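Notes follow once the structure below has been shown.
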Amino acid sequence: MKQLVGTGVALVTPFLADMSIDVTALRRIVEHCIEGGVDYLVVLGTTGESVTLTKAEKQLVADTVIEANADRLPLVLGIGGNNTAAVIEDLRQLDLSRFDAVLSVSPYYNRPTQEGIYQHFKAIAAASPKPIIVYNVPGRTGSNMLPATTLRLANDCANIVAIKEASGDMDQVRALIKDRPSGFKIISGDDITALPTVLAGGAGVISVLGQGLPSEFSNMIQMGLHGPTNEAQKIHAALQEGMGLIFQEGNPAGIKAVFETLGLCEAHVRLPLVPATPHLKRKISGFVKPFATISA
């Protein structure tokens, strides 16, 4: 899938002070990302606080992004969970016609074996009308989907087309790249490993910081893919502080502080998450403002 090459961004869900969804801010963020040159948009992932949204709110977010995007960029929808049957039901009931692929996280909390992870995704692949990006994020799920399991799925399930790999382990990334079947894409799920993954032969990234600084992040990934790689390394060095800052007190508190600095949305998050502390917000603002000045 050529749509999954380059910079994807895991969109936040902006909230007003009363914790209702700020659809106006979400439209602004979509426009900001498109104008900044990102390659595709990921809706209702972890960064979108999907676990604290109702079904009606999820539909509102999806509809808002579809409308704001106006068919300009490919769209990926997050549909995952630790109840295989419930994920399959969502895949069958939701209207996925405007989405190019589904992002589905490895089961969390249950901590299944590698065979359980394989069978979970095999069942989802059989039910999905859209291509699947499997998502390995051990820091959130409590289990690591090993390369052997990922590659088994890639070989056995024609519509499992990519992995968002967020183990943070570049040896694991390189093992996936080395043995992947033709056409299967390795996508970085961590901002800090985005450029190293691309330089090792990966397809790109699904980024958090990339939605705040889309031009800089997209340029870095394009240079990593096509050169000059030394310029990509320079951008990576310039962005590295921000990559750390936005995760210092959890995601998406940090990226919402970026958007607050940029005037695109307020920094509210839903419990059990809390907003970034004033101290961290000042540090994030100090990091972002030079880039905002350059962009202006």
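The values are calculated or read from the model by the stated rules, or taken from the named source; none is laboratory data. What you see is a predicted model; the values in this text were computed from it and never measured. Please note: Cβ atoms are built from the backbone with ideal geometry, for glycine as well, and neighbour counts cover all protein chains shown. With ligands, DNA and RNA removed, areas are computed over all heavy atoms of the protein, side chains included. Shrake-Rupley method; radii C 1.70, N 1.55, O 1.52, S 1.80 Å.
Scanning segment 40-57 for residues that are crowded, with 24+ Cβ neighbours inside 10 Å and in contact (Cβ under 8 Å) with a residue 60 or more places away in the chain gives VAL42, GLY45. For segment 65-89, the set of residues classified as surrounded by fewer than 21 Cβ atoms within 10 Å (Cβ to Cβ) and part of a helix (DSSP H, G or I) consists of ILE66, GLU67, ALA68, ASN69, THR84, ALA85, ALA86, ILE88, GLU89, listed by residue number. Just the residues that are under 9 Å from THR141 (Cβ atoms), in a loop (DSSP other than H, G, I, E, B) and not hydroxyl-bearing (Ser, Thr, Tyr), please, taken from segment 93-109. The answer is PRO107, and nothing else.
Taking residues in segment 129-156 that are over 20 Å from VAL43 (Cβ atoms) and open to solvent by 20 Å² or more (accessible area, probe 1.4 Å), and partners anywhere that are assigned to a helix (DSSP H, G or I) and basic (Lys, Arg), the pairs with Cβ atoms closer than 7 Å and at least 6 places apart or on different chains are ASP156/LYS122.
Please tell me if SER167 is in contact with a helix residue (DSSP H, G or I) (Cβ under 6 Å, 6 or more places away or on another chain), crowded, with 18+ Cβ neighbours inside 10 Å, part of a loop (DSSP other than H, G, I, E, B) and not aliphatic (A, V, I, L, M). Show your work before the answer.
On the way: in contact with a helix residue (DSSP H, G or I) (Cβ under 6 Å, 6 or more places away or on another chain): yes; crowded, with 18+ Cβ neighbours inside 10 Å: yes; part of a loop (DSSP other than H, G, I, E, B): yes; not aliphatic (A, V, I, L, M): yes.
Here the answer is yes, as SER167 does meet what is asked.
Across segment 19-33, not a single residue is classified as among the β-branched types (Val, Ile, Thr) and in contact with a Lys or Arg (Cβ under 7 Å, 6 or more places away or on another chain).
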